[in-house]
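The values are calculated or read from the model by the stated rules, or taken from the named source; none is laboratory data. In this text the structure is predicted, and so the values were computed from the model without any measurement. Cβ: placed from backbone, ideal geometry, glycine included. Neighbour counts: every protein chain shown.
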Amino acid sequence: MNRPIELSTREQIVHMLKTKAPLTAKDITNELQITEMAVRRHLSTLERDGYIESFTVRQTMGRPTAVYRLSELASGFFPKTYHTLTLDLLGELEQESGEEMINHLFELRKSKLEKKYTTNMTGLPLAEKVVLLTKLQNENGYMAECEESEDGNFVIKEHNCPISHIANQYKHACHCELELFKSLLQVDVNRTECLSTGGSKCSYVISQSKG
């Protein structure tokens, strides 16, 4: 027998705002049957953390009322199946046009990112390029960090892969990321660990000199 999943009060509020927003604190209080003070405490925390937004609505009678809705950041609370759709489409394309076409798409993506990032990196010292590349990867969801090792080389570690479901099936995606790093940094770059092959992270060793 399946038991209903028990949600915390905060999770219930997020779910309500996803399905019924905009809502006032009173709306939420009436639905959850808890004190309005408790509801406002949860709303304050969610708003502080950037998961909800509030705005004022003028009433025909009485004072204006604050109402709440979810922010873009809160979308991460809810399941997405984008990777499933993407893999299905890539699978169809592979059947129609072969693996070479899939690889060509990854190459096009690499070229696009290369053109996008090169301008800001041109003329920078290697250390600054590494820091900027790490920042760009973080903005794209890779949870990246960089450090300088004792031998004078640099290391970029990525603890998350936003396209892991794709990279697990199409290894050329990983190849293109490595080639992108080499092109942007203009030095030798070696991947020593990879999430798609069972590693705990993707790790890149960046040499001070050209390879």
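Some values worked out for this structure:
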item: Residue in the range 50-62 that is exposed (fewer than 13 other Cβ atoms within 10 Å of the Cβ) and in contact with a Leu (Cβ under 8 Å, 6 or more places away or on another chain) present; result: yes
item: Residue list for the range 125-153, filter: in contact (Cβ under 8 Å) with a residue 24 or more places away in the chain and surrounded by fewer than 13 Cβ atoms within 10 Å (Cβ to Cβ); result: S149, G152
item: Selection from the range 161-202 of residues that are assigned to a strand (DSSP E or B) and either of a type in the set (K, R) or not assigned by TED's automatic domain parsing to the domain that holds L87 (or both); result: R191
item: Residue count, the range 130-144 (criterion: of a type in the set (D, E, K, R) and at pLDDT below 95); result: 1
